[in-house]
2 protein chains.
Amino acid sequence: MSDTQPKPRASFQAPKGTRDLYPADAAKRRFITEAWRSASVRFGFDEIDGPTFEQLDLYTVKSGEGIISELFSFRRAGGDDDYALRPEFTPTLARMYAAQAKQLPRPTKWFMAGPFFRAERPQRGRLREFLQWNADFLGLDVPDDAPEEARLTARARADAEVISCCIGFLRELGLTSSDIRVKVNHRHALSLWLSSRNIDPSRHVELFSLLDAKGKLKPEEFAAKLAAFGFTMQQAEIFQKGLIRVTVDTAPGAPNDDVLDLTFFSEAVAPLVKALTSAGVLDWIDFDLSIVRGLAYYTGMVFEVHEAGGKERAIAGGGRYDGLVELFGGPSTPAVGFGMGDVVLSLVLEDRGLMPSGPALIARTGSRPDAFVISNGTPEASAQIAPVVAALRAAGLHARHSYKATGNIGKLLKDAASCAARFAVIVESSTHATLKSLDDGSQHPDIPLIELVKRLG
Amino acid sequence: MSDTQPKPRASFQAPKGTRDLYPADAAKRRFITEAWRSASVRFGFDEIDGPTFEQLDLYTVKSGEGIISELFSFRRAGGDDDYALRPEFTPTLARMYAAQAKQLPRPTKWFMAGPFFRAERPQRGRLREFLQWNADFLGLDVPDDAPEEARLTARARADAEVISCCIGFLRELGLTSSDIRVKVNHRHALSLWLSSRNIDPSRHVELFSLLDAKGKLKPEEFAAKLAAFGFTMQQAEIFQKGLIRVTVDTAPGAPNDDVLDLTFFSEAVAPLVKALTSAGVLDWIDFDLSIVRGLAYYTGMVFEVHEAGGKERAIAGGGRYDGLVELFGGPSTPAVGFGMGDVVLSLVLEDRGLMPSGPALIARTGSRPDAFVISNGTPEASAQIAPVVAALRAAGLHARHSYKATGNIGKLLKDAASCAARFAVIVESSTHATLKSLDDGSQHPDIPLIELVKRLG
């Protein structure tokens, strides 16, 4: 390197809270994103995507200026537009739906998976750059002028479909309803109930925020704040500990709690319980009044997906946001969806031994070589390695060979096995090879090289 | 919506130079990214990825401060690190390789595909956010102390493998060597030749930049600038028009040009020609002295992939950058790779009629429903739609149903066909269904609902 070149510098690192994914970790990410896509497609969601950054005010219109401190925001040199890296997908989704609402089918079912960004302090389960899967169900399968009862039922069906898709993904990864609980609440029902307790609707959002922050507050702080809404210490403790879980066995109908009257709730969620039963996922569900989700835009059902033992942050969260498309300039549109990040999910999968690695991971990500091509060590065989590999690849097969100088066939067969190849092709001459299955060990000698594609295809 | 809510705003749009991908466009993007991945895997490259943004100085160390105007750069509120959205992958790749160089295999073959960002004026074939595929071959398959001749040959093999992977991808999409030309040059050979013409090595980079900018200059400007290096008007015209193409038939060996002596070049590329021949891709290659690539870090072979008619910008570009890993704090590491964006590629595919759409696109992206479930219109059949769909999905099948109120089976079968479903499942009672293949029209009546999974699997 000449003196005019820049000097080497050893200190380059990935930005704090971001990840370098070397092959083993990239394969795990691929495993997750393929499973996200597979579940989305299986449940009839169509893939979309938006820009990785948006106009800054796309985020402030919904969440207020306060969100700016959590955003990576910037301006192009010489430009005058303020942008932000997307911290979530819902504003983009609402913007895109609003722009095409007239042409889009009803309902519209969309999913996406991609990178998202939050300028928060990195900690366990929370990074500054992460992947997130979003699935959303916009519109209803009943006419706009259908009776309110029919629209309520249609909302419950859509809510259940979105929750089912989320559960369908978890199930495909080998998780069960013993590993994972889906905690469901209903903000509209909660609001009705709070109103019945003479708490003015203008204060409900404030109370939701308080419930959402319960994990971060000391019990006495939480109780003091709840007292301002007329709740007793005893009720505060129940909220704090999440004890007012309405199990599926008792809902709907029978109030099972002597502190809070839950009849209102059981009635409100009855259509959802019916839809979740049809979808075959009711055993994954706990109804939990303390789940409110932090975001102010939810209008109905809200849910969070948690590891059953209460370890880790939420794996996923979502809910109904019937007012949001209108806020972004579209028609009034019932909508429900959720987001799931890859960070907490990965921790849970690793913890349960459900994150594959090695050959199992290679197989799950569709990266098994069809052939690992080896020379028997003679010059005429070695001269065929490059053209044989090229011919197999040109025929659409995944072919590898060793870059090592060794002619030790035993060692080369080990390399073939460690990359999970289906077959070793041992070239024996300028015209023939032995085919060895690495799955069952069977050997097939004297295969003409020109027949390899057919034999491996 | 109450008065305390923010007002609707209809003017939200995607940032200039970025894209909203609705399902039809997202499926095309999926088609491209799956083909990128398929070619990479087939050629034995392992997937990696890095952060979407990096420390700003990761880009300035290589390219100088001048690059800042082309970057989206930013700082976290309250933080003091300068970041930039990645405009290319090579600095991240070099940083990642340098950090783990001792543990990584030789050679290391990596690929990635993801979003990249340039703060340039959007124009045809160039956006501010785009996808790019990168494939890189780091290290050589000969020992560090191998004779220089062996290392030259190993470099040529690696160069050819990277070019072959790029061509393997284009071939899989249906493009041929009549549609696409891979223009190859060799900067080291060019430098040797310039030195032999008494042009000082300190001026070579300046000349490379001039050659790279030839498309943007008027012929007389270009000639005047070349004259400063001792080239004649006639030679300038040849550079300008790209006429000094060394076709494969004449290289290596015979000088075929009476203006420039190309013997030097044919000798320099002879090992590469041999390796490209072994890889079966020589018919895609033109050697073209006017290809230099704008970036200063290339040290050997450079190439660009163009639509054969010269329409559009380059589809892909790359080359050898043997000094870069060292610049980022790693050991001296021979390396070669390329990047291909999705924007120009899509224009070429659309132009050639090779971008699938409709049912063909659905099939190519693995999104064909296994079953489209329809009721025969009776209440007992309609009641089975939700549980049948749920059971099929739980079994890993892609199941859809209509959200329309219509009971017109003909219309519903059309919906099934338009989403390219393999089978229509017409539920006839609470226990049985008719299975209709939408591929061959065959009908199978009286299938018990509990056998559907087996019949469709």
Exercise for review: Go through the stretch A:176-181 residue by residue and turn each phi into a ³J(HN,Hα) via Karplus (6.51, -1.76, 1.60, θ = phi - 60°); whole Hz please, and just put x for glycine and proline.
Suggested key: 10, 5, 7, 7, 10, 10
Check your understanding: Each residue of the stretch A:425-439 in turn: what ³J(HN,Hα) in whole Hz from Karplus with 6.51, -1.76, 1.60 and θ = phi - 60°, glycine and Pro shown as x?
Key -> 10, 9, 6, 9, 7, 6, 10, 10, 9, 9, 9, 10, 6, 8, 7
Exercise for review: Please report the relative contact order for the stretch B:384-456, taking Cα pairs under 8 Å with a sequence separation of at least 6, and give it as a percent rounded to a whole number.
Suggested key: 23 percent
Check your understanding: Quick one: in chain B, whose Cβ comes closest to the B/A rotation axis, and how close in angstrom?
Key -> B:74, 2
Review point. Tally Lys and Arg at +1 and Asp and Glu at -1 over the other residues with C-beta under 13 Å from the C-beta of residue A:30: what net charge comes out?
Key: -2
Check your understanding: Whose amide H sits under 5 Å from the amide H of residue B:374, counting only residues 5 or more places off or on another chain, with H placed in the peptide plane?
Key -> B:425, B:426, B:427
Review point. When the Cα centres of the stretch B:204-226 and the stretch B:307-376 are compared, how far apart do they sit, in Å?
Key: 30 Å
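Only four residue types carry charge here, +1 at the Cβ of Lys and Arg and -1 at the Cβ of Asp and Glu. Report the dipole size of chain B about the Cα centre in Debye, rounded to the nearest 20.
Dipole of chain B, to the nearest 20 debye: 1340 debye.
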Review point. Which cross-chain or sequence-distant (5 or more) residues have an amide H under 5 Å from the amide H of residue A:46, H modelled 1.01 Å from N in plane?
Key: A:109, A:110, A:111
Practice item. Pull up all non-local amide H partners of residue B:286: gap of 5 or more, or a different chain, and H-to-H distance under 5 Å with H placed in the peptide plane. Key: B:182, B:183, B:184
Review point. Taking residue A:404 as the anchor, which aspartates and glutamates have their alpha carbon closer than 17 Å to its alpha carbon, excluding any fewer than eight residues away along the same chain?
Key: A:415, B:141, B:144, B:145, B:161
Revision key, fill the gap. With Cα coordinates, the longest principal axis of chain A makes an angle with the long axis of helix A:90-100, in degrees rounded to 10, of 90 degrees
Exercise for review: Work through the residues other than residue A:85 whose Cβ is under 10 Å from its Cβ and net out their charges, Lys, Arg +1 and Asp, Glu -1.
Suggested key: +1
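How do B:432, A:444, B:186 rank when sorted from fewest to most other Cβ atoms within 10 Å of their own Cβ? Write down the numbers at each step before the final one.
On the way: B:432 18, A:444 12, B:186 26.
The order, fewest Cβ neighbours first, is A:444, B:432, B:186.
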**Study point:** Whole-Hz ³J(HN,Hα) from phi, Karplus 6.51 cos²θ - 1.76 cosθ + 1.60, for the stretch B:387-393, glycine and proline x
**Key:** x, 5, 4, 4, 5, 5, 5
Study note, to complete from the structure: Taking B:290, B:69 and counting other beta carbon atoms within 10 angstrom, the fewest-first order is B:69, B:290
Review point. Can you list, shortest first in nanometers, how far residue A:359 lies from the same residue in the other copies, with each label 7 Å from Cα toward Cβ?
Key: 4.1
Check your understanding: Alpha carbon centre of the stretch B:48-104 versus the stretch A:141-159: separation in Å?
Key -> 50 Å
Exercise for review: Note down the net charge around residue A:125, summing +1 for each Lys or Arg and -1 for each Asp or Glu among other residues with Cβ under 13 Å from its Cβ.
Suggested key: +1
**Study point:** residue B:151-residue A:172 pseudo-label distance in nm [points 7 Å out on the Cα-to-Cβ vector]
**Key:** 4.9 nm
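Take peptide B:382-391, look around each residue's Cβ out to 10 angstrom, count Cβ atoms belonging to other protein chains, and average those counts. Don't jump to the answer; show the numbers that get you there.
Numbers: counts 0, 1, 1, 1, 10, 4, 0, 7, 10, 2.
Average per residue, whole number: 4.
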Point to revise | Label spacing, shortest first and in nm, from residue A:455 to its equivalents in the remaining copies (7 angstrom along Cα→Cβ) | key: 4.1
Practice item. State, to one decimal in nm and shortest first, how far the label point of residue B:146 sits from each corresponding label point in the other identical copies (label point: 7 angstrom along Cα-to-Cβ). Key: 6.8
Review point. Remind me, relative contact order of chain A in percent, using alpha carbon pairs under 8 angstrom and six or more residues apart?
Key: 15 percent
Check your understanding: Angle between the Cα long axis of helix B:263-278 and the longest principal axis of chain B, 0 to 90 degrees, nearest 10?
Key -> 30 degrees
Check your understanding: Of the listed peptides A:170-177, A:367-374, what is their order by residue-averaged count of other C-beta atoms within 10 Å, with the highest listed first?
Key -> A:367-374, A:170-177
Practice item. Report, in degrees rounded to the nearest 10, the 0 to 90 angle that the Cα long axis of helix B:342-351 makes with the longest principal axis of chain B. Key: 70 degrees
Practice item. Per DSSP H run of n ≥ 4, the term is -39500 (n - 2.57); total these for chain B, divide by its residue number, and report the mean residue ellipticity at 222 nm rounded to 500 deg cm²/dmol. Key: -11000 deg cm²/dmol
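Where a number appears in this text, it was derived from the coordinates with a stated rule and is not lab data. Because the structure is a prediction, the values reported are computed rather than measured. Glycine gets a Cβ as well: all are built from the backbone with ideal geometry, and neighbour counts include every protein chain shown.
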